[in-house]
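Nothing in this text is a laboratory measurement; each read-out follows from the coordinates by a stated rule. The structure displayed is predicted, hence computed values, not measured ones. Because the Cβ atoms are built from the backbone with ideal geometry, glycine has one as well, and the counts that use them run over all protein chains shown.
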Amino acid sequence: MKVRKAIRRMKPYAPPLEGRDPSASLLLDFNESLLPPPPEVGQALRRFIEEGRLQLYPEYGRIEAKLAAFHGLSPDCIILTNGSDQGIDIVFRALLEPGETVVLPEPTFAMYAQVAGTLELRIAAPAYHEDMSWPAEEVRAALTPEARLVVAVNPNNPTGTVIDPAILESILTDFPDVGLLVDEAYAEFTGRTVLPWVERFANLAVLRTFSKALAIPSLRLGFVAANPDFIAELNKVRGPYDVNMMAVAAAEAQIDHPESWRSYVREVMERAKPRVEAFLRERGVTFYPGAANFLLIRPGDSRGAVAFLRERGIAVRPQKGSIADCFRLSIGPLEVMERFIAVYGEYLDGPA
C-alpha cells in the first residue's frame with residue numbers, strides 16, 4: 001500500500017493503556033472516574049440488549065433532544081460523536097484545507113496535533129506561560145490570514161488551567177472569520193461553560209465528552225455543540241451511524257440520573273483535591289492547582305517519583321516536551337487519595 005507521505009512521517013498516538021489493571025494498581029494516570037457509573041447505567045445496557053435492538057441501525061433523535069434540554073440548547077445545535085476524538089476530527093476536516101493553520105497553544109491534549117498531522121495542517125503553537133496561563137496575546141498574534149481555527153482547551157489538559165471567558169469572547173468578536181473550538185472535556189468539574197454561546201456566535205464550536213465525570217469512556221461518546229448551520233455541515237463529515245446505541249443507552253441513563261456523577265464531582269473537588277493540594281504545599285512540592293480532576297506536579301525528579309509510585313502500585317502520567325519534568329495526577333475520592341499521600345510522603349522522606 002502506498003501510504004500518504006504525511007502519514008508515513010507521523011508516529012501513532014499510543015497512550016500507555018495496555019495492561020492497566022484496576023485490581024492490581026491505583027490508576028491515577030488517565031483522569032478517569034475512579035468509581036463505576038451508577039446501577040442505572042448497567043440496567044439501561046441490559047434493557048437495550050433484552051429489547052432485541054442490536055440488529056437495528058442507530059437512531060439519535062431522542063438522545064439529542066435529551067442532551068439539548070439538559071444543556072438548554074436547541075436539538076439542532078448538537079451532533080453526537082464517537083468520543084471527543086471524533087469531534088476533533090470532524091471539526092478539523094470541515095474547516096481546514098491542507099496547508100492552512102490551526103492555532104494550538106502547547107502543551108495540550110495530544111490528539112489535536114495528531115489530527116492536524118493527518119490533514120497536513122500547519123500548527124502555530126504559542127507556549128503556555130510559565131504559570132501555565134493561556135497565551136492570549138500570542139494566540140492573537142498567530143492569527144494570520146492562513147489561520148482558520150483556534151483551539152482552546154478549557155480547562156486545559158495537562159495543566160488544568162482555565163481561560164477567562166472574556167478572552168474567548170474577544171477572539172470570537174474580533175476574528176469572526178476564524179473558528180474557535182472550545183474543548184470542555186472537564187466542564188462538569190469546573191461548573192463553567194460557553195455552551196449557551198453557540199446560538200450567539202456562528203464561529204464557535206464546543207466539544208464535550210462522557211469519558212470523564214460521566215464515567216463511560218469505554219463506550220466512546222461525546223458531542224459537538226455549535227450553530228445549527230455548522231452542525232448541518234458536520235453531519236456531512238460524520239458517518240450516519242458512527243455512534244453505537246450501547247453508548248447512547250448508557251448516556252441517557254447518566255443524563256436521567258445525574259445525582260451519582262454530581263456527587264462524585266463534589267467529592268473530588270471539595271474534599272479530595274483540597275486535601276492533596278494542602279499536602280503538596282506542606283511538603284514544598286511544586287504543582288499547578290488547575291480547575292479539573294487532576295493536578296500537574298513538578299517534583300525534583302519526575303522520573304524517580306513516577307517509578308517509585310509505580311513500584312508501589314500507583315500509576316500516574318509522566319509528561320513530555322516542555323513539561324517533561326512533571327507528572328499528572330488524577331484525583332479520585334478522598335480515601336483513595338489518602339493512599340497516594342501516604343506513598344508519596346514515603347518518597348519525599350527518602351531512604352530510611
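When the chain is treated as a GNM, springs tying every alpha-carbon pair under 10 Å, which of Glu233, Glu311, Glu199 comes out with the largest mean-square fluctuation?
Of Glu233, Glu311, Glu199, the most mobile in the Gaussian network model is Glu311.
If you wrap the chain's Cα atoms in a convex hull and average its projection over all directions, what's the area in nm²?
19.1
Based on DSSP H runs of at least 4 residues, each adding -39500 (n - 2.57), what is the mean residue ellipticity at 222 nm of the chain after dividing by all its residues, to the nearest 500 deg cm²/dmol?
The helix-only estimate for the chain comes to -11000 deg cm²/dmol at 222 nm.
What fraction of the DSSP beta bridges in segment 39-256 is antiparallel, stated in percent and rounded to the nearest 5?
About 35 percent, rounded to the nearest 5.
Note down the magnitude of the dipole of segment 39-256 about its Cα centre, charges +1 on Lys and Arg C-beta and -1 on Asp and Glu C-beta and zero elsewhere, to the nearest 20 debye.
Charge dipole of segment 39-256: 640 debye, to the nearest 20.
Of the residues Ser84, Ser23, Ser33, which exhibits the maximal mean-square fluctuation in a Gaussian network model of the chain defined by a 10 Å Cα contact cut-off?
Sorting by GNM fluctuation, first place goes to Ser23.
What's the FRET efficiency of Ser74 with Thr144 using the Cβ-Cβ distance as r and R₀ = 41 Å, to the nearest 0.05?
Here the calculated transfer efficiency is 0.75.
Would you kindly state how much longer the chain becomes between Tyr57 and Ser25 on full extension, computed as 0.36 nm times their sequence separation minus their alpha carbon distance, in nm to one decimal?
7.7 nm
Place +1 on the Cβ of every Lys and Arg and -1 on the Cβ of every Asp and Glu in segment 128-168, take the dipole about the Cα centre, and give the residue among Leu149, His129, Ala166 whose Cα lies farthest towards its positive end.
Value: Leu149.
Near Lys236, which aspartates and glutamates are there with a Cα under 15 Å away, not counting those fewer than 8 places off in the same chain?
Asp76, Asp89
How much length is gained on full extension from Glu270 to Arg93, taking 0.36 nm per residue of separation minus their Cα-Cα distance?
59.8 nm
Under 20 Å between alpha carbons, and skipping anything fewer than 8 positions from Lys2 in its own chain: which aspartates and glutamates qualify?
Result set, ordered by chain and number: Glu120.
State, as an integer percentage, the relative contact order of the chain based on alpha-carbon contacts under 8 Å between residues 6 or more apart.
It rounds to 22 percent for the chain.
Name the lysines eligible as straight-distance cross-link partners of Lys273: C-alpha to C-alpha under 19 Å, and not fewer than 8 places from it in the same chain.
Partners found: Lys212.
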